[in-house]
Each structure stands twice: as structure tokens, then as C-alpha cells.
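Report on the structure given below.
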Amino acid sequence: MKNKHIKQSMPSVIVRNEELLENASLKIEAITDNIIRIHTIPNDKDYSYVSFALDDSLEAKGQFSVSQYNSTITATTDSITVKIKETLEIDIYDKDGNLLCADCKPARQEIDKYTQAEIEQLKQEGHMPDTLDTSFKYKVTKRIIGNEAFYGLGDKTGFLNKRGYEYIMWNSDNPEPHVENTTFSALYKSVPFFIVHHENCTYGIFLDNTYKTYFDLGCLDAGSYSFAVTNGELNYYFIYGKNIKEVIKGYTSLTGRSPLPQLWTLGYHQSRWSYMSDEEVLEVANNFENYNVPCDAIHLDIDYMDQFKVFTSDKERFSDLKQLSSKLDERGIKLVTIIDPGVKAQDGYYIYDEGIAGNHFAKAKDGSVYHNAVWPGDAVFPDFTSFDTRSWWADKTKYLTDNGISGIWNDMNEPASFNGPFPDDVVFAGDGKARLHNEIHNVYGHLMSKATYDGLKKNSQKRPFVITRACYSGSQKYTTVWTGDNQSIWTHLKLAIPQLLNLGLSGLPFAGVDIGGFGANTTPELLSRWIEACCFSPLFRNHSAKLTRRQEPWAFDEATLNIYRKYVKLHYKFIPYLYDLCYEESLTGIPILRPLVMEYENDKNVINCNDEYLVGSSILVAPITDQGAVARSVYLPQGIWIDYNSGKRIKGGRYILYKAPIDVCPIFIKGGSILPVYPDIPNLSHENTQRLIVEFYPSDDTENFNNKTNKSCYYMHYQDNGTDFKYQAGEYNLYKFSFSSNRPNGLKAELTKNGYKNKYKHISAVIK
Ligand code: GLC
């Protein structure tokens, strides 16, 4: 037995085992000391890999020091040790030799194999989704060592902790109600990243493979979890971190972070499929003013277009989009329009003609342009893998920006299709390599968002506002997301919390659900509880489907309107705090809405907490999500919490019973918090955002706030013009707020970075 030193230091190790891996080798690369990439490299000389998710700037910066003992190779970075066995199994240890992650053989193999005929029969009867395809090319199985919890995986249904369930990544427009049924678990987004958290360690796995992939997190076998690819290469990252936040920082250092949004995008958005004319839109805008409900955006769904032709408008119903947007602008409201990828196949329609002439559409196997159907009927689909096509599409967004449109909502980009799914062999040859639909499907929405982002940036010079339904890892760099077609049912209100939290844990912090529910008819009670539950949602939009009951704030009675107004105003009050969280997120990837486990990792009570969330680290929201309920149990973690509704101080580390009649959402502020807020404002125009109030919530209302618990409290607040990219050249301010009883109003405001000229006209303080 020899302990052989291969080389002192190297960025990667390549191993081969022809019996196990016939035509490829396995490359283990140190991206950083904490991030390891494990990748099969086919023997094919022409192989080159392009990631759709990663930032262009990614470089492998880590170094392994490598040794070999018998047939096991040990590669060590400054923080982890990777042991690669002859069997190609990989075990990873921390610096102290604790096992973090280990490959294993599953205790149970696949459930009985079905014949193709049986599978077809099951599909016909609807017992098996079209997305199921268990012919894996590579599958990795890892041990569940102890009490691991699993978080992330994007918009998947079910609970915060994904342990015990299995999931498919295959972007799907599933019209059925989205429930936790795992066989049918594919939704609109594919974010093949999850966090494994247990008391001794936390790490993330990012499987960067755009084909259909599978995740089994202790479902088939309680002692292991696995992930599998159906095609392409095995290509995953092990991301080590001291805690969940460190893992998210690592993941977003690879895939990118949501850039700072325009300030108005954090305001309230009103949508409906569809507002049918400019008069109707103006009436909606007037109602916001008349009923004193703040609003920053109205969305136009597909009916604003001429026969659903993208980059056109119906001149009869919307005679002058530009005039409409300027009329709304006078009221401080922006106009956002939907754009789908399906282009109506009609000679003489300029987008179709240009697309054909420019070779911009995806092709069928025989080289002809591929057709399917969506809203406009017979349609063709841009090949967004092509740089030229993305630039062409980006230029087309000028039609909208020239008409005063402030944001673009990208829909149906899974891509959805009405004439059956796209065959796997539809060709996307845009980047010079003929890639088939089965490889591009999961990044189609991602690439469309990228094109839209580039277009808005070029045309407006402002921070682009894009919303998308379908996306992939890394889409956060270009777009915000919403969770698609939920329904006006209580289970979907409940689902909103784990879904938004897992999106944040998956690098997509600027997310929202359709408030009030999209499909089916909402009720006054459901709408009231929905606006309460989502009152801190970064994307804050009410949207509903055609033929459903109207659900604008005034659509019901006075009492519902009053509740709705109260929570929209609450949202506006805390926008300076939400914007600070956006700033923090843009630097770190740490989400705005956080599961309790992110801030209280060692508290066993919060591992499975599905019905509460934190906004940053200072605000805890525990909404009512059950029909008829007027009280609920709330878990408050360690510390002092201030009941936002009554001002009462409550000791945490326990469950309390909280009474919450229909107009009350249980909200708690962490003792010692300093929070920047706005006074009562109707929208986020420049004039309305010139006054700031700094609220201080001392832990103890009877004691002087200079006491021990509050002494070290300070808060950093970010301010810029909320619009363009000047902040990147240093045009922003950072304020350090702290409180002391020596000053008249207690507040000390220091400008620690002074780069933006338009300072607040007035800053006042309130001690709560
Ligand atoms: C899709 C979208 C929905 C939109 C509708 C019409 O169902 O998810 O939000 O209203 O299409 O465009």
C-alpha cells in the first residue's frame, strides 16, 4: 500500500473507469474552495459545454491538493476534502473530517419496470404524465445521513421541505390545480438546485443539465436521495456553506443575482385577462384614485393585441397606446404588456415576414419552419438560442417602449402549445450547433427573458422590468417571476408561502403569485386573506382569468375594500425596507422573503414551517390561510417580538395563539429592529418618495432604549434614483441609522456613502 502524492496542487482531477463509464471520464474541478464541479466528459473530441445558466465570467479559481491511497484519490481544498473511489463514488468531508455527502447504492432499485404498451395505456387514461420518462442516462444516489431537510427546486408544489417527495424538471403549463401530487409535479420552471440542510452541515447541489431531469429526495428509498439526467452530460456542483445563506451566496455566485429593480416595480400591480379597452383601463386607474388604494402598474393581457399578434395593438379597442400610457403616467401608473413567444403564421404580418426572412424560427426535422398553435392559431416560434434572433426580438420591444410601455410580461414560454407538445426533435440551431427541443425546452423561457431584458435595457436605458412564467437557473439576472395559473382556492393561498420561499431559496427572489387567485371565482374572505398573506410579496400583483368573477379591490363590499386598502398601504409603507432587501440580495443572493429556518437554523421547530415567513430578518408574517379561521397558532423564534397590531412585546421561543379576525394579519417585528418606511403615499413617483420615516422597535417598551439589548442596533439604508444604472457608477447613498436617548428624537442618521444628490427632503423618527 502506497500513499502516493500525484501533484501538489491542481484545479481539477480526471478519473476513468471504462467498465462503469464506457465512453467518458469524470472530471472533478475546484471552482472555489467551497464549490466543486463534477462533470462527465465524453471521449468525443468535439465535445464542448456551454452552460445556459452560468455567468459568462465564471472561472475555476480553486485549487486541489491531490494524493492517492490505493485506488482512492483524495483532493483537498482549503475547506473540503473530496474522496474519489475506483467505483467513481464520491464522498465529501469538511475540514474536520466530518462526512458531508456520500454517494451510495440505493437500498431499493427502481419500482417495477413497465412495458411501453402499459405506459401508453396509463398515459391515455391520464394516470401518468407525458413528462415521465425514466430512461436515465446518469443517475447519482447519495446517502441521507441523518435529519436532512431539502429546500429549493424553484416553483414546485408541496411543502417547504421537499424531503420524501420526487420531482421532474420539465417546464409545463399544467392547467390542473397545482397540488402536491408529485407524479404530476412538473410546473412552469426548472431550477435544478436544492439545499441539503441538517444540524451538522449545509450544502447545495446544482445539476446544470437542461434536458428533462429527475429528483428523488428520499421518496423511493428513505435512506438516500438521487438526481438523474435523461440526456446530455452529468454536470453538477456541490456547493458547501456554513449555513443556508452561504450556500445561496455560492449558488448565486455561479448563476447570478437579481439586479436592483426600478423602485415602482415594488408597488402594487393590477391585472386582468383582459382589460378590453383604453376606457376600461382608465376607469380602473381612476378607481384606484377614487378608492384611495395605491397602485403603480396596470397590466394588459393578450386582448390588447391585434388578433394576438405580438408587437401589435388592436386599434379599435386601444386607439392610441402611447396616449393611454401618458394618461396613466399623469396618475403615476405604469403600463405593462404581455408578450408570448408564438408568432402568428400569416404572410403580410411584419413580425412573421421579418422572422422568415431573417431565419429566426425553430425548424422541424425536415428543415421547414416548425408550426404549432397558441392564442393566434397557427404559430411559429423564435429560436432564442440564436444571438441574432435574440437581438431581433430585443429590437422589436421598441414597438412597446415607444408606446410608453414600462415592462414586459412574458407568458406561454415553456413553450406552451395547443396542438400537442413540441416533438423532441424540433431543431434550434441558433448558436451554430443543432440542438433539439429536448435540450432547449427548459431554457426557452430563460432565453426569451434574456432577449426581452436586453431589449428593454437598450431601448429605455432603465432597469428592465420583465416577468416570466417559464425559466431556468440563472433567469434571475433578467427577469422576475410569477407562479402562473393558480386558482381562487384556499389550498393555493396556502401553497403561495412555500412556493415563494422556495423560489427565493432557488435564487429567484423577485417573485409573486396571482393575488386573489387566477382561475375560478374568489370570495371576499379569500381575497382579504390573500392580500394579507402576500402583503410583503416583492411582485405584488392581483390577476384573474377571463370569465371569472372580478377581483379588483372594490369588486366586493366596503369591508373588503377597507381590508384590501389597509394591506396595500402596509406594503407601500415598508417599500424602503423591501428596496434595501433588494439591494442586499443584488450583492449576496440572499432572498427578500425568507423561511424561518434561514435565520434560525438550529431551531428544530422551523424546519418544516410552511405557514410563516420572514421579510429580511426583522418582520415575521403568520397569515391566516384557512377559510373561516379567526385565530391561529404562531411560532415565534427566540427573542422578543413586537406584535405589529397591538405593540405588545412577546417573548419568543414558543407557540402562541393569536386572534386574527378578518381584517387582521398577524405580523411581528423583531425586537431591536430599525426599519425605514414611507408615509402614506398613492404611488412610488419621485415626489412621493422624498420623505422617510425611521421606525425603531426597542425590545422593551418600558426600558430606556439605550439598554443592553438595543445598544448595538444600527441599520444601513440604501437610496438611489430607483430608475436607471447610474448607481453602478456610484450614484447612491448609504445611511447608517441608530438610536440614542441623548438626541431629541433619538435618531442618528449618518451618511456613510454620499453619491446621490437627491437626498431625502425630510427624515423623521418614530419610536414604537
Ligand atoms: C396564461 C397566463 C395567464 C394569462 C393567460 C392569457 O394562462 O398564465 O396569466 O392571463 O395566459 O394570456
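Scattering from the chain was approximated by placing one identical point on each alpha carbon and applying the Debye formula without solvent; log10 I(q)/I(0) at 0.05 1/Å stands at -0.26. With a threshold of 18 Å on the Cα-Cα distance, the over-threshold entries among Lys344/Lys457; Lys315/Lys457; Lys95/Lys242; Lys648/Lys670; Lys494/Lys670 are Lys344/Lys457; Lys315/Lys457; Lys494/Lys670. Among the listed pairs Lys61/Lys363; Lys189/Lys569; Lys85/Lys139; Lys137/Lys245, those whose Cα-Cα separation exceeds 28 Å are Lys61/Lys363; Lys189/Lys569; Lys137/Lys245. Potential lengthening of the chain between Arg654 and Asn721 amounts to 19.9 nm, from the contour at 0.36 nm per residue minus the alpha-carbon distance. Modelled spin-label separation between Lys123 and Gln690, with each label point placed 7 Å from Cα along the Cα-to-Cβ direction: 6.4 nm.
Using the beta-carbon distance between Gln68 and Lys604 and R0 = 51 Å, what value does 1/(1 + (r/R0)^6) give for FRET efficiency, to the nearest 0.05? Before the final figure, lay out each step's value.
Working: r = 41 Å, r/R0 = 0.80.
Using R0 = 51 Å, I get an efficiency of 0.80.
The length gained on full extension between Tyr714 and Asp44, counted as 0.36 nm times the residue separation minus their Cα-Cα distance, comes to 235.4 nm. On the basis of the beta-carbon distance and an R0 of 60 Å, Phe418 and Met10 show a calculated FRET efficiency of 0.70. Label sites at Lys322 and Gln627, each approximated as a point 7 angstrom past Cα along Cα to Cβ, lie 5.0 nm apart. Using +1 at the C-beta of Lys and Arg and -1 at the C-beta of Asp and Glu, which of Gly367, Ile662, Gln68 has the Cα lying farthest in the positive direction of the dipole of the chain? Projecting each Cα onto the dipole axis, the largest value belongs to Gln68.
If eta is 0.890 mPa s and T is 25 °C, what Stokes-Einstein diffusion coefficient results for region 41-188, Kirkwood Rh from Cα pairs, in µm²/s? The partial results should precede the final answer.
Details: Rh = 19.5 Å.
My calculation gives 126 µm²/s for D.
Among the trypsin sites (Lys or Arg not before Pro) in region 266-322, those placed in a DSSP loop whose Cβ has at most 15 other Cβ atoms within 10 Å are Lys315. Cα centroid separation, region 23-101 to region 268-327: 52 Å.
Each Lys and Arg adds +1 at its Cβ and each Asp and Glu adds -1 at its Cβ; summed about the Cα centre, region 1-255 shows a dipole of about 900 debye.
Using the Cβ-Cβ distance between Asp557 and Glu354 with R0 = 41 Å, the FRET efficiency computed as 1/(1 + (r/R0)^6) comes to roughly 0.20. Available extension along the chain between Ile662 and Ala729 is 19.4 nm, counting 0.36 nm per residue and deducting the alpha carbon span. What shape does region 1-255 have by the C-alpha gyration tensor, where a ≥ b ≥ c are the square roots of the eigenvalues, rounded means a/c under 1.5, and otherwise prolate means a/b greater than b/c and oblate the rest? Verdict is prolate for region 1-255.
What helices does the chain have that are whole DSSP H segments, at least 15 Å long along their own axis by Cα, and with mean Kyte-Doolittle hydropathy of -0.5 or more? Spell out each step's value before the answer.
Details: long enough: 244-255 (16 Å, 0.15); 278-290 (18 Å, -0.86); 444-460 (24 Å, -0.96); 490-505 (24 Å, 0.71); 558-573 (22 Å, -0.81); 575-588 (19 Å, 0.06).
Helices meeting the criterion: 244-255, 490-505, 575-588.
All of the numbers you see were taken from the coordinates with simple rules; none came from a lab. It should be emphasised that the depicted structure is a prediction, and the values quoted were computed from it without experimental measurement. Ideal geometry is used to build each Cβ from the backbone, glycine not excepted, and the neighbour counts take in all protein chains shown.
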